[in-house]
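Quick notes on the structure that follows.
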Amino acid sequence: FPSDASVPPGVEIWTPFRDDLASLPRDLAYIRTIGRLRRGVTVRQAQAELSGIAKSLRAEFREYAVQGLELEAAPLHRDVVREVRPVLLALFGGVGMVVLIACANVANLLLARSTRREREIGLRAALGASRLRIVGQLLTESLVLAGLGGLIGLAIGWGGLKLLLGMRPASLARLHSAGLSPGVLAFTFGISLLTGVLCGLAPALAALKGNLYASLKEGGRGGASVKARPLRALVLTEVALGFVLLIGSGLLLRTFVKLLGADPGFQFQGVLTFQVALPEACYSDDASRQRLFLQLMEKVDSLPGVEAAGAVSHLPLDDYPNWYEYYWRDGAPASERNTLMADHRAILPGFFRSVGSAVTSGRDFTAFDDSSHPNVIVVDESLARRTWPNESPLGKRLNVTFIHNGSFDATSAEVVGVVRHIRYEDLTVEVRGQVYVPYLQSARDQLGFTVRTSGDPAALAGPVREAVHRLDPDLAVSRVRPLADAVTEARAAARFTTIIAAALAGLALILAAIGIYGVLSYAVAQRTNEIGVRMALGGQRRDILWLVVGQALRLLGAGLAAGLLGSLMLTGLLVKLLYGVGPHDVPTILGAGLLLAAAGALAAWLPARRALRVDPISALRCE
């Protein structure tokens with residue numbers, strides 16, 4: 001439709017179910033049933049009832065008994081989100097860690113700042129302010145700080161959400177509907193206030209426990225020193241959480257790199273794909289469908305720049321529901337039938353060459369593999385290894401299903417070739433073995449075409465549409481796109497997760513460095529007089545440097561140890577998101593540790609340089 005037609009891009013059209021279920025084989029299972037539970041009925045109760053129904057069906061029908069039929073009740077929500085749930089939970093966990101790091105960081109800085117206000121707080125107490133009033137003042141300051149930070153964060157978040165939605169992969173369902181709704185605003189503002197309370201508790205409790213009058217006795221020497229243990233504990237927490245995030249981000253980054261190098265079993269560069277579906281009213285039998293598709297293949301193959309053309313009932317990485325069914329070896333006992341499933345795809349000769357998949361043994365289909373000749377099939381290496389381990393499958397026979405004029409016919413077919421396994425559904429998982437049947441022996445009403453060209457595949461889109469319309473002006477050509485685009489979309493979810501995780505890890509790294517810098521700066525300021533005395537008594541610059549850097553190294557070492565322990569417990573949750581790398585990958589852990597150590601060393605450099613510039617005379621004069 002034109003852009004001004006006010007028609008949404010995704011139009012749903014509902015038609016009556018065409019198949020006569022009563023005439024189909026009883027073990028052909030491709031229907032999904034959706035039902036609404038009665039009020040008060042749980043999924044567990046529904047599962048118990050379905051299990052009883054399955055038991056009755058197995059007792060009544062032999063096909064179901066051999067198949068071992070089971071019926072499962074699953075919440076529709078779980079079915080919808082099962083692909084994205086691990087991604088969202090991992091990202092939500094990363095965000096939670098960043099919030100904790102930010103809380104620890106702000107609490108650390110506020111706690112260090114509160115020690116500089118000890119004389120002010122002591123003076124307030126001397127003038128009659130109660131401890132509760134002082135604590136309330138410190139919490140109020142934290143809440144004001146958190147509220148202002150929350151407002152700024154909402155403004156940044158609004159722009160970040162636009163960027164996030166621009167990068168969203170199609171596989172993350174409903175992400176496009178995300179927005180700054182009243183619920184999101186309330187949640188964010190509530191988190192900001194909670195952060196303010198948590199961050200304000202540390203200095204407030206320090207003020208509550210301290211001797212408010214002792215600071216007045218310090219005179220002009222400034223605030224008394226405060227125990228650094230709480231500060232060090234908070235920084236240790238930041239380093240540990242940051243280390244966990246860096247390891248998780250590193251694992252996802254290595255997964256994406258492995259995914260880029262994953263072998264899908266086909267060569268997607270330089271291939272154009274498109275789909276053509278034949279209306280049943282005009283093409284009601286196999287002969288008319290086969291004639292049209294063969295003519296179309298001939299025209300496409302003759303286009304300038306085309307190196308090879310082929311067609312398959314289900315294109316690689318397409319969301320068109322695939323047909324998979326049981327298969328078994330000829331002569332297999334009844335107990336072995338209806339136990340193994342394989343994907344069934346009908347192809348025209350030339351498909352393997354056009355998609356760049358190698359025939360490892362035997363031969364490809366030819367124009368002679370039609371209904372007037374014996375049924376033949378090509379199987380993939382995965383099915384061949386499972387069915388005939390350590391044997392050649394060529395010449396062996398399998399019982400598979402062919403389709404003749406819409407009727408399913410279970411029959412025996414000879415294996416004439418073996419091809420590499422193609423990852424049609426997922427770039428990282430071998431779902432099922434694959435059986436290829438000749439389209440001229442098992443026709444469908446829809447085919448996806450693969451056209452390999454020496455030039456830009458997108459440039460063939462116009463000539464391909466014209467070739468289809470010359471054969472039948474009423475035929476629609478859909479999903480015209482380079483096969484490389486489908487591969488890019490298949491990688492989109494991993495790329496999206498990696499980018500977000502890397503951003504969170506980078507933020508955690510910066511916050512951890514700020515925390516180390518803040519603590520060391522405070523320590524140098526508190527120990528200025530001590531450093532001056534050491535230097536006046538002959539202390540060397542390297543000793544002063546080690547005094548500061550050694551404290552940073554101890555913090556980093558303890559934080560890395562705690563983070564390593566936490567990562568060993570938490571990274572196992574990322575298993576479903578990883579490919580080609582284990583959750584406890586040593587190079588990733590070492591790389592994350594070195595990166596965090598480098599950031600900590602950089603953060604310690606400025607306070608260390610400040611310590612080296614202390615003038616002993618000025619420090620002693622303060623004494």
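The values are calculated or read from the model by the stated rules, or taken from the named source; none is laboratory data. Bear in mind that the values here come from a model prediction, so they are computed numbers and not experimental data. Virtual Cβ from ideal backbone geometry, glycine too; neighbours counted across all protein chains shown. Keep in mind that these areas ignore ligands, DNA and RNA; they rest on the heavy atoms of the full protein, side chains included. Shrake-Rupley method; radii C 1.70, N 1.55, O 1.52, S 1.80 Å.
Details
- Options L259, L246: the member that is at negative phi, assigned to a helix (DSSP H, G or I) and at pLDDT 85 or above: L246
- Flag if L560 is surrounded by fewer than 17 Cβ atoms within 10 Å (Cβ to Cβ) and more than 24 Å from the chain's Cα centre (by Cα): no
- Among all positions in the range 65-81, there is no residue which is part of a helix (DSSP H, G or I), open to solvent by less than 30 Å² (accessible area, probe 1.4 Å) and of a type in the set (S, T, N, Q).
Here's the yes/no breakdown for (1) surrounded by fewer than 21 Cβ atoms within 10 Å (Cβ to Cβ); (2) within 39 Å of the chain's Cα centre (by Cα); (3) basic (K, R):
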site	(1), (2), (3)
S249	no, yes, no
G270	yes, yes, no
Q275	yes, yes, no
L292	yes, no, no
E298	yes, no, no
A334	yes, no, no
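- Filter result for D318 (more than 30 Å from E466 (Cβ to Cβ) and not hydrophobic (A, V, I, L, M, F, W, C)): no
For (1) under 30 Å from L272 (Cα atoms); (2) at pLDDT below 85; (3) open to solvent by 30 Å² or more (accessible area, probe 1.4 Å), each residue gets a yes or a no:
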{"site": "A486", "(1), (2), (3)": "yes, no, no"}
{"site": "A493", "(1), (2), (3)": "yes, yes, no"}
{"site": "F496", "(1), (2), (3)": "yes, yes, no"}
{"site": "G532", "(1), (2), (3)": "no, yes, no"}
{"site": "D543", "(1), (2), (3)": "no, yes, yes"}
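Condition check ((1) modelled with pLDDT under 90; (2) over 24 Å from V431 (Cβ atoms)) across all residues:
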position	(1), (2)
S284	yes, yes
L292	no, yes
S302	no, yes
G310	no, no
D319	yes, no
P333	yes, yes
L348	no, no
T360	no, no
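- Residue count, the range 351-402 (criterion: closer than 14 Å to E414 by Cα, among the aliphatic types (A, V, I, L, M) and not in a helix (DSSP H, G or I)): 7
- In the range 279-334, the residues that are in contact (Cβ under 8 Å) with a residue 60 or more places away in the chain and acidic (D, E): E280, D285, D286, E307, D318, E325, D330
- Number of the condition not met by M569 [criteria: (1) surrounded by 12 or more Cβ atoms within 10 Å (Cβ to Cβ); (2) modelled with pLDDT of 80 or more]: (1)
- Close pairs (6 angstrom Cβ cut-off, 6 or more residues apart or separate chains): charged (D, E, K, R) in the range 444-464, open to solvent by less than 40 Å² (accessible area, probe 1.4 Å) anywhere: R444/S313; R444/A346; D445/L278; R452/G270; R452/V271; R452/A308; R452/S354
- Filtering the range 371-390 to residues that are charged (D, E, K, R) and either open to solvent by less than 30 Å² (accessible area, probe 1.4 Å) or modelled with pLDDT under 90 (or both) leaves only D380.
- Checked against the criterion of being open to solvent by less than 30 Å² (accessible area, probe 1.4 Å) and modelled with pLDDT of 75 or more, the range 118-135 contains one or more residues that satisfy it.
- Scanning the range 587-623 for residues that are open to solvent by 40 Å² or more (accessible area, probe 1.4 Å) and modelled with pLDDT under 70 turns up D615, I617, S618, L620, R621, C622, E623.
- Selection within the range 346-394: residues that are out of contact with any Gly (no Cβ under 8 Å at 6 or more places or on another chain) and charged (D, E, K, R). The member of this set that is nearest to P264 (Cα to Cα) is E381.
- Total residues in the range 575-614, condition touching a Pro at 6+ places or on another chain (Cβ under 8 Å) and aliphatic (A, V, I, L, M): 2
- Residue within the range 38-50 that is in a helix (DSSP H, G or I) and under 30 Å from G160 (Cα atoms) present: no
- For first residues located in the range 539-552 and outside any helix (DSSP H, G or I), partners that are small (G, A, S) and surrounded by 16 or more Cβ atoms within 10 Å (Cβ to Cβ) and lie 6+ apart or on another chain with Cβ distances below 6 Å do not occur.
- Subset tally (residues that are closer than 27 Å to P393 by Cβ, touching a strand residue (DSSP E or B) at 6+ places or on another chain (Cβ under 6 Å) and buried (at least 19 other Cβ atoms within 10 Å of the Cβ)) for the range 303-323: 6
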